[in-house]
Amino acid sequence: MTFVAELTPVTPAESEFVDRMGLTMERLGGTRSMGRLWAWLMVCDPADQSLTDLAAELSLSKTAVSTVARQLETSAIIERVPTATREHRYRAVGGGWEQILRVQFEAVRQSLDTFDLGLSLLDRDRPGQRARLGETRDFFAFLVQDADEVFHRWRQYRDPSP
């Protein structure tokens with residue numbers, strides 16, 4: 001016998017949150033569907049939802065939900081929940097944004113080599129170009145320098161125990 005939890009209907013306020021999160025995710029470089037799926041998984045009841053439930057709730061095709069769910073799972077924002085059937089179920093998890101930002105900061109770290117190459121190609125008689133590229137390189141170096149401290153402060157903020 002398989003237990004199927006009854007879904008709690010979405011409230012208008014939750015629907016607005018889901019839609020706004022879709023727009024927020026777009027501004028951050030993702031897709032609206034990503035933001036809506038992630039937001040719904042943060043507030044839905046029960047906490048884990050099937051692809052069928054997600055597609056119906058978000059007015060998306062199961063294929064679209066499956067694609068977005070895999071992307072969010074890869075980003076560690078959601079996870080697939082084990083089931084006794086072949087049904088795919090997902091739930092939101094904590095810590096995903098820290099992991100995403102760690103990956104982004106690593107990309108910034110790796111870009112420093114590219115900026116250094118660009119600077120090495122520019123002769124000293126091109127001060128305007130060197131200044132623009134140098135400022136960009138310095139900004140990225142600054143971000144990399146502070147990234148580890150940001151994550152350390154985040155852990156302290158989340159768990160202030162001594």
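Condition first: surrounded by 12 or more Cβ atoms within 10 Å (Cβ to Cβ) and either among the basic types (Lys, Arg) or touching a residue at least 12 places away in the same chain (Cβ under 8 Å) (or both). Now tell me which residues in segment 107-125 satisfy that.
Within segment 107-125, Val108, Arg109, Ser111, Leu112, Phe115, Asp116, Gly118, Leu119 qualify.
Scan segment 147-160 and report the pairs whose first residue is within 13 Å of Gln99 (Cα to Cα) and whose second residue is of a type in the set (Phe, Trp, Tyr), with Cβ atoms within less than 7 Å and a gap of 6+ or a chain change.
Ala147/Phe105
Taking the residues in segment 88-105 that are in a helix (DSSP H, G or I) and either among the aliphatic types (A, V, I, L, M) or in contact with a strand residue (DSSP E or B) (Cβ under 8 Å, 6 or more places away or on another chain) (or both) as candidates, determine which candidate is least open to solvent (accessible area, probe 1.4 Å).
Checking each candidate, the answer is Gly96.
If you check every pair at least six apart or on different chains, which have Cβ atoms under 9 Å apart with a residue in segment 52-73 that is outside any helix (DSSP H, G or I) first and a residue that is crowded, with 16+ Cβ neighbours inside 10 Å and among the β-branched types (Val, Ile, Thr) second?
Leu60/Val68
Check off (1) out of contact with any strand residue (DSSP E or B) (no Cβ under 9 Å at 6 or more places or on another chain); (2) of a type in the set (Ser, Thr, Tyr); (3) surrounded by fewer than 16 Cβ atoms within 10 Å (Cβ to Cβ) for Ser75 and give me the number that stays unchecked.
(3)
Can you give me the number of residues within segment 106-126 that are touching a Gly at 6+ places or on another chain (Cβ under 8 Å) and not in a helix (DSSP H, G or I)?
Number of matching residues: 0.
So, in segment 126-160, exactly how many residues are closer than 30 Å to Gly95 by Cα and open to solvent by less than 70 Å² (accessible area, probe 1.4 Å)?
Residues in segment 126-160 being closer than 30 Å to Gly95 by Cα and open to solvent by less than 70 Å² (accessible area, probe 1.4 Å): 10 in total.
The values are calculated or read from the model by the stated rules, or taken from the named source; none is laboratory data. Remember, it's a predicted structure, so these values are computed and weren't measured experimentally. Using ideal geometry, Cβ is built from the backbone for each residue, glycine included, and neighbour counts are taken over all protein chains shown. Please note that ligands, DNA and RNA were not included when accessible areas were found on the heavy atoms of the full protein model with its side chains. Shrake-Rupley method; radii C 1.70, N 1.55, O 1.52, S 1.80 Å.
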